[in-house]
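Nothing in this text is a laboratory measurement; each read-out follows from the coordinates by a stated rule. Computed from a prediction, not measured in an experiment: that's the story for all the values here. FYI the Cβ positions are ideal-geometry reconstructions off the backbone, even for glycines, and counts take in every protein chain you see.
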Amino acid sequence: MRGILKDCSEREKLRYYHGLLGEEKYAALREMILEASKAVFLGGAGVSTESGIPDFRSKDGLYRKKNRKFARYRPEYLLSNECLTGKPEVFFSYFRENLDCREVQPNDAHKALARLESAGRLSGIITQNIDGLHQKAGSKNVMEIHGSALRSYCVYCRKNYGPDFIFQSLDPVPRCPECGHMVRPDVTLYGEILPDPAYGDAIRILQDADLLVIGGTSLEVGSASQLAHIYHGKHMVIINKGKTKLEGKADLVFHESIGKVLKAVSDSI
């Protein structure tokens, strides 16, 4: 491939990559990963749907789930700081019912990314997901830019609690045994600022990357879109069943199962 594209312009390279089909596309992705010195994966909710966790905005997503108990509220409100502080009983009821991912297991996409990192082919993972499945699969350098549902902390004394505290608490609003104040999940809610250092680390790793693989996201959420625009490296690849912003700038676009694509590539490296 390098010989074919050696003297081509960027436009000619894109035309070449966009003309690849089937196994040729898989081979091209393998070569990009093997040639990259600092490959980064940026993932969204679609990475975990194959583990049984619904995404948010698709026809089967969480925001379209019918529940009379929460029918009067907008989905975004139920996962907002406004709801947490104004109607905490409603917030924790919704959170416990819909975001308990403690028993969910990693799928082929999580496992493939962990193998690539272990083999020295992936510098890091930037994820919008709060399910901890990348770490459960074995990935080490994971930047959780929206936090994690497996962590919680007291809003007053800042004491940290594990994955079971909120979900096993019998109180409608979980309280800190040390000081009696509310214990909240360590996740970024609507109306809150993205966590540092995770977001800062994501920016830094993207600035040095020469391959960005974007998977399981439409890039509709501002944080993911902003990070994708920060990247100016050699190659960009998008893997998502639906249409995704920036497809015109990507070298390769796979409208396929992310688990299938990543497993096939990682198994051959």
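Shown here for segment 35-140: GluC sites (Glu not before Pro) in loop regions (DSSP other than H, G, I, E, B) with at most 11 other Cβ atoms within 10 Å, namely E103. With only Cα atoms counted, the chain has Rg and Dmax values of 19.9, 67 Å. Restricting the calculation to Cα atoms, segment 224-269 shows an Rg/Rh of 0.99 when the hydrodynamic-style radius is the Kirkwood one. Per-residue extension of 0.36 nm, minus the Cα-Cα distance of N67 and E220, leaves a gain of 52.6 nm for this segment. Taking label points 7 Å from Cα along the Cα-to-Cβ direction, R158 and A27 give a separation of 5.5 nm. At the listed q of 0.23, 0.25 Å⁻¹, the Debye profile of segment 124-185, built from one uniform point per Cα, gives log10 I(q)/I(0) equal to -0.89, -0.96.
Label zone (E82, point 7 Å along Cα-to-C-beta; backbone nitrogen cut-off 17 Å) within segment 172-200: 189-193. Calculated translational diffusion coefficient of segment 76-144 (37 °C, 0.692 mPa s; Stokes-Einstein with Kirkwood radius over alpha-carbon pairs) equals 239 µm²/s.
Amide H contacts of G147: T188, each under 5 Å away and 5 or more positions distant or on a separate chain (H built 1.01 Å from N in the peptide plane; Pro and chain starts excluded). Note the angle between two axes, namely the Cα long axis of helix 23-35 and the longest principal axis of the Cα atoms of the chain, as a number of degrees from 0 to 90, rounded to the nearest 10. Orientation of helix 23-35: about 80 degrees from the principal axis.
Here the alpha carbons of segment 1-109 define both size measures, Rg and Dmax, at 21.6, 62 Å.
Taking the C-alpha atoms only, the angle from helix 88-98 to the longest principal axis of the chain is near 50 degrees.
So what's the projected area for segment 76-194, the Cα convex hull averaged over all directions, in nm²?
Average of the hull's projected areas for segment 76-194 equals 7.7 nm².
Solvent-free Debye calculation, one equal scatterer per alpha-carbon of segment 132-269: log10 I(q)/I(0) at 0.09, 0.10, 0.16 Å⁻¹ equals -0.38, -0.46, -0.96.
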